[in-house]
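The values are calculated or read from the model by the stated rules, or taken from the named source; none is laboratory data. Not measured: the values here are computed from a predicted model. Cβ atoms come from the backbone with ideal geometry, glycine included; neighbour counts cover every protein chain shown.
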Amino acid sequence: MEPSYSSWVPKLLFILLPFFFLLPYHSSSYSLHPLVVNSTIEHRNYTGISSFRVVNRRALLHCPLNNPYLQINVSSSGNYTLSNEEFVNVTVSGVLRPSHDHWVAMISPSNSNVGTCPLSKALYMQTGDLSNLPLLCHYPVKAELMSIDPGYLRCKKQECKKYEGNKCVVTTCSGTLQFHIINIRTDIEFVLFAGGFDEPCILARSSPLKFSNPNAPLYAHISGTDSTATSMRVTWVSGSKEPQQVQYGNGKTLTSQVTTFSQEDMCSSLVPSPAKDFGWHDPGYIHSAIMTGLNPSSKFSYRYGSDSVGWSDQIQFQTPPAAGSNELRFLAFGDMGKAPRDASAEHYIQPGSISVVEAMTDEVKSGNIDSIFHIGDISYATGFLVEWDFFLHLITPLASRVSYMTAIGNHERDYIKTGVVYGTPDSGGECGVAYETYFPMPIPAKDKPWYSIEQASVHFTIISTEHDWTPGSEQYQWIRKDMASVDRKKTPWLIFTGHRPMYTSNLLSVDPKFGVFIEPLLQDYKVDLVFFGHVHNYERTCSVYRAECLAMPTKDANGVDTYDHSKYKAPVHAIIGMAGFTLDNFSSIIHHWSLKRVSEFGYGRVHVTTEELNFEIIILLIVDKADGFSCGTEIHTESECSALHSGGVPSSGGFFSEWWELVKTSTWFRDYWLSQHPEGSFDGSVGDDDDDVVDLLPEKLDVGFDEEYANLEAQFEELIVWNEEEKEEQQRPLNGVKMDVKLVLKELSIPKSGKERSVKSPAKLGKDIIVWQQPDLRLFTKFGQGDGSVKALVTVGNKVFTAHQDSRIRVWKVSRSSENVFRLVDALPTTKDYLGKFLKQNNYVQTRRHHKKLWIEHADSISCLTVSSGFIYSGSWDKTLKVWQISDLKCLESIKAHDDAINGLVACKGIVYSASADGKIKAWGKEGKNSHSLKGILEGHKDISFNSVIVSEDGRWVYGGGSDGGSADKSISIWKREAYGKLCKYGVISGHEGPVKCLQASPNSVGGGFLLYSGGLDKSVRVWWVPKHSNKMQDTSTMQSSEEKSITMC
């Protein structure tokens, strides 16, 4: 799950709220009303402030259009019904004017209120959006933009609807989207909206679609009930409340116990939670039955259902080994969630989840895995209940075959004033009810989600970090009693698991009191290995206690770190929260107890015998081990320890000794120490033999994050602004880059992106700015993650200007403390620019219907930047070109430059060229102190969309790269400046198999010509030789030419 930020958010609010109340309110996809800032930050963990996630609270109007031709048709495997899983095609036809803001939502149940919501404004505070009631009252299951169909906006699929004589006078357009559907029992309907996610209004609705069998038994998973491995619980979901059966083994049959939960069971506060309100979806009925009389470490088959509702397929499962046996193989991970298998926007997408599940499924099918442990942050439904069905569907291929044991996390349990340790609303109002119903573990009672289980030579102690663990609490007493009862002859290995960590480089995710109270128990009872999640990466420690390494591993013959537990010193801690949620990066500070850090998607694989425990981290898509270690009874030397700290990486040095002093002098520690030592007095000194405290971060310790939070206004905005994710382009890759191109270009070493990690899940666009070092092009540093997808950048002196999808320009500067650290110093428009303009009405411009912004703001993604004569120029998909003065970062001009999105900018000799999807390249010039004016227009052939533009160094050649949106043309147009100053059409270069996205021209002469570089969505970089006195353009590996008559620019 996402880490808790309770330790610093209140301070941030105190500083920034007075300022933000001064800013104007702009109703857009990327801004929120100042009055909801507090609520937005409080609830950011589960609502995720993006246009789609709060669309159910946006103003919902009926579009003022009278279009009798508009229709939505759905094609499925059945004529009028849906199967348990399928991809359906949703075709929107009869559209008169296709638009970027058209989108289709999947609504369930089909009778959901997508009209108006008559409830009061206060009811919606938890979404972080209070604008323009009444609003759409039910959460859309998923949604897709019509522009995902590449031919929709350009009306590639046309149909004449009206003729006058032989002439067509009304032509309409159509587009098709694909949705992945699973059986969620309730009818679904597809609704076409205009106005984008931000200002939706209904254009058309499909007919309701029913599932062919809404009562079908689905999504089974099995779990252990005790340590004998002779009984296993199978749990599944159905739309029928009538008891069903599970048939297993040789003709054994059991009747299921049936339960469910209702909207009334959900938690809420003064403001209803998502689970209580717009996120509710009927869970159906949860069936479970305990299969008995099984043999440990054996394979059985089962099926579940009934004659009336149908039966599942026959499934083979494997029981884990019984306590006391020798060998166990299991997988462990946390923070997985789910992701869509289509191009949809959904609530809380975990991009690595699909690839991780598929990799684990392959391991389970191999028969080499006995059980699975998922330690918190299970589905990330967080009050949007239909997401549980999608998660259960995702894990069924592995959870139905081996024991799937879970621990509770903050996103399953936490909610305001419900008796948990952390009073955050992270569960969205589920407060553990949905989790405990779907995953019945062998816990002592309801809402006491802690338990232990033994498999082979391992005793697992599984706790809830969300429930009270302080001394005297029921859970604390249980932990002590459970670990004290372990028979180390029978189960020599003790593994302790929970969700929130004691040790992580992400210090903001550590509760110091948790370590103070619980770590001494781990030391007393000689816990071997500790698994935590919550932080979304992998990190492994030394044998650590009180933040000191009491023992270090040594390297075996294969280079694997080996811990000698025959001379036990302290537990080894491992963070394994990298199974799906967006990954967390590591800070540059490396603590001396942290031995291994990996920020990639993956999971843990463990092989245990009575004498040895081997742990491996499996990283995707590397298909290799990123880390491994072994604990055994052999005695090893520690001669390799010094090597673990080599390489010039900064260490925390003596930080933890100072930390320990701060812990000892804190008030809460003094009170705790006195409660445990009533006979003595506290003088601040604690000996090494006192097992009451661990060196964890005090609540008020200043750890020096000033550099990271230098610009509070920009950082605060990033908390409340969430970007709409673009659909990944899916062009067929080439077999490789041409050999001649390889001779010209050197491949750059780029870190694995989200797209590379999880090719089957929605791609996360790059949010990093990557810096390579000249001349060897080694990776130097990267910065800017989380600041919105980066679309373009330019450098001016020691500053870097980056354009982002969230319609902002950010300014970065090299830190004074380190040359490889870039610090955010400002964002455009600047606060000063805002304050100077927001009070005057004439500074606002209409950007869309019922939608205004200051003229200094871009209203859509900024796609390109260029620099010239002391100015920065920015081009945007909002069709405007803005001019910024570098000296004071002030916006000087906003030009309505094109009729469609601006995709490219370049400046040369005082002229700025803008390339647009409207098929034109325009030249803009400035004379003296006058505003910029249009100097000329270069037009491509019919239907072309320009994606990029470049000008040769002498200003004589202009190149425009693009595509017509279809498959016929992916060309580069060329214009040449003649002696009399006019630009004439010179030729067209063809050869790319996908749209041309970027261009660069070499200033150097090569053999009577020069080189032109082009990059396309066909995943190739091509190098062209352009002769200075011929119409033929030559690819350095193959000749492609197209001669046309020169066309003088008018």
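Here THR225, THR255, THR172 are screened, and the one residue that is buried (at least 17 other Cβ atoms within 10 Å of the Cβ), out of contact with any Ser or Thr (no Cβ under 6 Å at 6 or more places or on another chain), polar (S, T, N, Q) and over 22 Å from ASN84 (Cα atoms) is THR172. Checked against the criterion of being in a strand (DSSP E or B), in contact with a strand residue (DSSP E or B) (Cβ under 7 Å, 6 or more places away or on another chain), crowded, with 19+ Cβ neighbours inside 10 Å and among the basic types (Lys, Arg), the stretch 915-927 has at least one qualifying residue. Considering only residues that are closer than 30 Å to PRO272 by Cα, assigned to a helix (DSSP H, G or I) and of a type in the set (A, V, I, L, M), which ones fall in the stretch 384-408? Answer for the stretch 384-408, where residues must be closer than 30 Å to PRO272 by Cα, assigned to a helix (DSSP H, G or I) and of a type in the set (A, V, I, L, M): VAL386, LEU392, LEU394.
Restricting attention to the stretch 136-195, report how many residues are of a type outside the set (Gly, Ala, Ser), within 27 Å of ASP899 (Cβ to Cβ) and not in a loop (DSSP other than H, G, I, E, B).
Taking the stretch 136-195 as the starting set, the residues that turn out to be of a type outside the set (Gly, Ala, Ser) are 136-142, 144-146, 148-150, 152-164, 166-173, 176-193.
In the following step, the residues that additionally are within 27 Å of ASP899 (Cβ to Cβ) were identified as 144-146, 148-150, 152-162, 167-173, 176-177, 192-193.
Filter once more, so that each one left must be not in a loop (DSSP other than H, G, I, E, B): 144-146, 148, 158-162, 167-173, 176-177, 192-193.
Here the count works out to 20.
I want to confirm something. Restricting to the stretch 360-377 and keeping residues that are assigned to a helix (DSSP H, G or I) and touching a Leu at 6+ places or on another chain (Cβ under 6 Å), which single residue is surrounded by the most Cβ atoms within 10 Å (Cβ to Cβ)? The residue in question is MET360.
Going through (1) over 34 Å from the mean Cα position of the chain (by Cα); (2) assigned to a strand (DSSP E or B); (3) modelled with pLDDT of 85 or more one by one, SER931 falls short only on (2).
Scanning the stretch 556-589 for residues that are touching a helix residue (DSSP H, G or I) at 6+ places or on another chain (Cβ under 9 Å) and at pLDDT below 90, we see that the one that is surrounded by the fewest Cβ atoms within 10 Å (Cβ to Cβ) is SER587.
Among the numbered criteria (1) part of a strand (DSSP E or B); (2) of a type outside the set (A, V, I, L, M, F, W, C); (3) modelled with pLDDT under 90; (4) within 31 Å of the chain's Cα centre (by Cα), which one does ASP860 miss? Checking ASP860 against (1) part of a strand (DSSP E or B); (2) of a type outside the set (A, V, I, L, M, F, W, C); (3) modelled with pLDDT under 90; (4) within 31 Å of the chain's Cα centre (by Cα), the one that fails is (1).
Is there a residue being hydrophobic (A, V, I, L, M, F, W, C), part of a loop (DSSP other than H, G, I, E, B) and modelled with pLDDT under 95 anywhere in the stretch 100-115? Step through it out loud before you land on a result.
Of the stretch 100-115, the ones hydrophobic (A, V, I, L, M, F, W, C) are 103-107, 114.
Keeping just the survivors that are part of a loop (DSSP other than H, G, I, E, B) gives 114.
When the remaining residues are screened for being modelled with pLDDT under 95, the result is 114.
For the stretch 100-115, residues hydrophobic (A, V, I, L, M, F, W, C), part of a loop (DSSP other than H, G, I, E, B) and modelled with pLDDT under 95: present.
Of all residues in the stretch 969-1010, those satisfying the criterion of being aliphatic (A, V, I, L, M) and modelled with pLDDT under 75 are ALA979, LEU983, ALA1001, VAL1006. Give the stretch 430-439 a look and list any residue that's on the phi < 0 side of the Ramachandran plot, assigned to a loop (DSSP other than H, G, I, E, B) and among the hydrophobic types (A, V, I, L, M, F, W, C), or say none. PHE439, the sole residue that qualifies. The condition of being modelled with pLDDT under 95 and touching a Ser or Thr at 6+ places or on another chain (Cβ under 9 Å) holds for LEU135. Selection of strands (runs of 3 or more DSSP E) fully inside the stretch 242-302 by the criterion of at least 2 residues being at positive phi returns nothing.
Could you grab me the full set of residues in the stretch 464-497 that are under 27 Å from THR396 (Cβ atoms) and in contact (Cβ under 8 Å) with a residue 40 or more places away in the chain? Spell out how you get there, then give the answer.
The first filter runs over the stretch 464-497 and keeps only residues under 27 Å from THR396 (Cβ atoms), leaving 464, 466, 495, 497.
Across the stretch 464-497, the qualifying residues are SER464, GLU466, THR497.
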